[in-house]
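The values are calculated or read from the model by the stated rules, or taken from the named source; none is laboratory data. Just so it is clear, the structure is predicted and the values come from calculations on it, not from any experiment. Reconstructed Cβ throughout: ideal geometry from the backbone, glycine too, with neighbour counts over all protein chains shown.
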Amino acid sequence: MGGAALVLTALLIASATAAPPGSEVTPADPGPTPSSQVPADDLTEWAAEAEAEAARTVPLTGLPDDLPVGFADEVDVPVDPAVEVVRWPSSGELVLEGRGFGHGRGMSQWGAYGAAVSGLRYDAILAHYYRGTTLERRDDVRLRVRITADDDGETRVAPASGLTATAGDTALTLPSSLAGSRVTAWRVVRDGDRLVLQGHAGGWRTTAIGGATAHAGPIAFTTPAGAVRLVLGSTHREYRGAVEAVATGSGVGTRVVASLESYLRGVVPAEMPASWPAPALQAQAVAARTYARWQRTEEPGTWYDTCDSTACQVFNGAADYTAGGELIRRYDHPASDAAVGATAERILLHEGSPAFTQFTSANGGWTVRGSRPYLTSFADEYDGVVSGSPHRWRTTLTARAVAAAFPRVGRPVALRVTGRDGHGAWGGRTTSVVVVGAEGSAEVSGERFRSALGLRSSWWRVSGAAGAGHDLTGDRRADLVARRAADGSLWLYPGNGAGGFGATRPIGTGWRGMTSIRVTPDWDGDGRSDIVARSRESDLWLYSGDGAGGVSGRPIGQGWSGMNAIATPGDWDGDGRADLLARRAADGTLWLYAGAGRSGFGDVRPIGTGWSAWNLITGTSDFDGDGHADVVARRRGDGTLWLFRGDGRGGFGAVRRIGHGWGDMNTLVAPGDWDGDGRADLIARSAVDGALWFYAGNGRGEIRTVRRIGTGWTAVDAIG
């Protein structure tokens, strides 16, 4: 299938006449199902009686007289359109797509990488992320680093040539043997409120320093070589500087005391891969140096300035050895050492003091405002430049994991996102999430939810969630577009999140040359819904949405005249990218055009035959609540409506009939969640009178209620 692509979600075909599809269903011979690659299922029928209720129209002024009207307030269940509702699928799993890794404040490490390969020097990288700070030189200082990895209540070190123990002003060069036995280890333990030095030589033997066996502390271990090996279980970890034992509470704490520049040799390679470009490593060195200086100045502990864990900065020391002295791994690296040296003693200042230089693995394309004026929120063009980063991620969230994290709610029923920070795709990072369960609900912050479930960040949405991909205005509500027949102008009909419409407005002219127009879930990877259109010249166009109702177009395929139906179901094959489905006119074969996450296509393959029997085809995010995109189609001849369940892997699952009497509809659109209840819905236009009808889904693959939501829609000849 020559190059190109296919994207669009339902097909615009003119058809016939009459009232909204009916309710009573008489079992009938369903006839052949399209595609030998689609397993047939027991046919279930839609038995709910649907009644259409007209409601008042919204007065519209200054619009063309023939523009169709959308009703505003037809709501049968109170909903909050600002709340995102996702009901738990029958599979027990939700697939989340997210942005970034970590808290998002300050410098993005992957962004620094992207900036470096884009040509920025380290000082420009720092200026980009810490806006309003100045880069200056300050003399080296001594730093006390708490070793949280040593939590056994004692400080134990390996013997070494010239190893010295110092208490106060008194130093003792430790012997290699005690009482005629070789010393295999030295340790400091607690005795009441004092510290005691002991050597292991056939057993632990107390050793005096300057004639005293008990000391207030600290007791410091040093060597002429400038490095001491701390015993951590079976591993001996080497630290530059002194290893000190300190009386803390009722136990013994361990800290390393070293120059700040020496300390950085163990931090920079632990926080950023040494293989990354030099400007990124240099920016990391300055950020780490400044952060340590800030902690030393602003938040010193009683016995340490900083620590060795992610609560401060990761500090692994120099190397790990076996008890026998064999090297296991080195943590320092020549490239990282070079970055420390190239930026020696340089720190970022704000108003004369060390800046609070927080950093994060990846911010997903938008930084988070911090507690300081130089930690601002802005779009970051460098995060995501380098492939393979956690700029974007995808994970599966199970009901079991949620129940374990929030046991009081019982079996998870739904997630309600009640707040976002407003920055970036999908409305930004979650700030408030409600976990709804069979036995209650729990409202937590976005960060608390992230932490409880081990997510990479609080910036996420449910992949394929109803309504997630039909939002052109960025308000997290599904929208429609329609082309006015009289002049070919394209109009935006924003959904109000409650089953009706907001203020209608034109968004483009010259659309008469398009034979198919559909809103599609994010096709180009920027987190915003887009429009796919096919021209009369058979070119396929992508109109990238700007998140505010505007679009800008470019061609992404040629030779699409051979396809007579295009559908945009969202992520059909489960890889996190929006896809297209297209039917070839010559033989009725249905083809999958897998999206590549930018503007083009990946895999292209046939996924079904016999689709000529269907004359309205639309892709829907997840009509049956199993977490996978689906297809809804009307069968030619008898007007029955069928659900083709996607299997989440690029194929089909079960097939069943969900309605009859649809022969009088000439347009079928799947906008996602139109009424804000977390379930995917359908919208159809009557060929008889141009009325627009809303079919609310029940989240299980059936239609729950029906109502009219607009009149005069014969004035438009394409709806997407």
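Taking (1) modelled with pLDDT under 95; (2) within 19 Å of residue 578 (Cα to Cα); (3) of a type outside the set (Lys, Arg) in turn, residue 658 satisfies each apart from (2). Going by the structure shown, is residue 389 of a type outside the set (Phe, Trp, Tyr) and either surrounded by fewer than 23 Cβ atoms within 10 Å (Cβ to Cβ) or at pLDDT 95 or above (or both)? Answer is yes for this residue.
Only one entry of 156, 131 meets the criterion of being modelled with pLDDT of 95 or more, assigned to a loop (DSSP other than H, G, I, E, B) and among the basic types (Lys, Arg), and that entry is 131. Taking the listed residues 82, 116, the one that is at pLDDT 95 or above and of a type outside the set (D, E, K, R) is 116, with no other qualifying.
The set of residues in segment 673-702 being surrounded by 21 or more Cβ atoms within 10 Å (Cβ to Cβ), under 17 Å from residue 616 (Cα atoms) and either among the hydrophobic types (A, V, I, L, M, F, W, C) or touching a residue at least 60 places away in the same chain (Cβ under 8 Å) (or both) consists of 681, 682, 683, 684, 686, 692, 693, 694, 695. Residues in segment 577-594 that are over 23 Å from residue 426 (Cβ atoms) and in a loop (DSSP other than H, G, I, E, B): 585, 586, 587, 588, 589.
Exactly one residue among 367, 376, 431 is of a type outside the set (Phe, Trp, Tyr) and either over 19 Å from the mean Cα position of the chain (by Cα) or at pLDDT below 95 (or both), and that residue is 376. Only one entry in 331, 321 is of a type in the set (Phe, Trp, Tyr), under 22 Å from residue 270 (Cβ atoms) and more than 32 Å from the chain's Cα centre (by Cα), namely 321. Within segment 523-576, take every residue that is hydrophobic (A, V, I, L, M, F, W, C), in a loop (DSSP other than H, G, I, E, B) and crowded, with 24+ Cβ neighbours inside 10 Å and give me the one that is modelled with the lowest pLDDT. Taking the candidates together, the pick is 523. When the strands (runs of 3 or more DSSP E) confined to segment 378-493 are screened for residues that are without any contact (Cβ under 8 Å) to a residue 40 or more places away in the chain, those reaching at least 3 such residues are found at 430-437, 440-445. Just one of the listed residues (689, 677, 626) is more than 27 Å from the chain's Cα centre (by Cα), of a type in the set (Asp, Glu) and not in a strand (DSSP E or B), and it is 689. From 323, 319, 338, which residue is farther than 20 Å from residue 150 by Cα and of a type in the set (A, V, I, L, M, F, W, C)? Matching residue, one of 323, 319, 338: 338. Annotation note: Cβ proximity below 6 Å between a residue of segment 332-358 that is among the basic types (Lys, Arg) and a residue that is buried (at least 18 other Cβ atoms within 10 Å of the Cβ) (sequence gap 6+ or interchain) occurs for 346/286. The criterion of being farther than 24 Å from residue 483 by Cα and assigned to a strand (DSSP E or B) holds for residue 658. So which residues in segment 217-243 are more than 13 Å from residue 317 (Cα to Cα) and more than 42 Å from the chain's Cα centre (by Cα)? 217, 218, 219, 220, 221, 222, 223, 224, 225, listed by residue number. Going by what's in this entry, would residue 137 be described as surrounded by fewer than 18 Cβ atoms within 10 Å (Cβ to Cβ) and of a type outside the set (A, V, I, L, M)? Yes, satisfied.
If you go through segment 577-589 and keep only what is surrounded by fewer than 24 Cβ atoms within 10 Å (Cβ to Cβ), in contact with a helix residue (DSSP H, G or I) (Cβ under 7 Å, 6 or more places away or on another chain) and charged (D, E, K, R), you end up with just 584. Residue 435 passes every criterion in (1) within 30 Å of residue 596 (Cα to Cα); (2) buried (at least 17 other Cβ atoms within 10 Å of the Cβ) apart from (1). Regarding segment 350-359, can at least one residue be identified that is surrounded by 15 or more Cβ atoms within 10 Å (Cβ to Cβ), among the small types (Gly, Ala, Ser) and at pLDDT 95 or above? Yes, the conditions are met somewhere in segment 350-359.
Do we have residue 339 as more than 24 Å from residue 228 (Cβ to Cβ) and surrounded by 22 or more Cβ atoms within 10 Å (Cβ to Cβ) here? For residue 339, the condition - more than 24 Å from residue 228 (Cβ to Cβ) and surrounded by 22 or more Cβ atoms within 10 Å (Cβ to Cβ) - is met.
Table: residues versus (1) more than 23 Å from residue 126 (Cα to Cα); (2) surrounded by fewer than 20 Cβ atoms within 10 Å (Cβ to Cβ); (3) hydrophobic (A, V, I, L, M, F, W, C).
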site: 268; (1), (2), (3): no, no, yes
site: 276; (1), (2), (3): no, no, yes
site: 297; (1), (2), (3): no, yes, no
site: 313; (1), (2), (3): no, no, no
site: 321; (1), (2), (3): yes, yes, no
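Can you work out which of the residues in segment 629-671 that are of a type in the set (Gly, Ala, Ser) and crowded, with 24+ Cβ neighbours inside 10 Å is farthest from the chain's Cα centre (by Cα)? Restricting to residues being of a type in the set (Gly, Ala, Ser) and crowded, with 24+ Cβ neighbours inside 10 Å, the top hit is 659.
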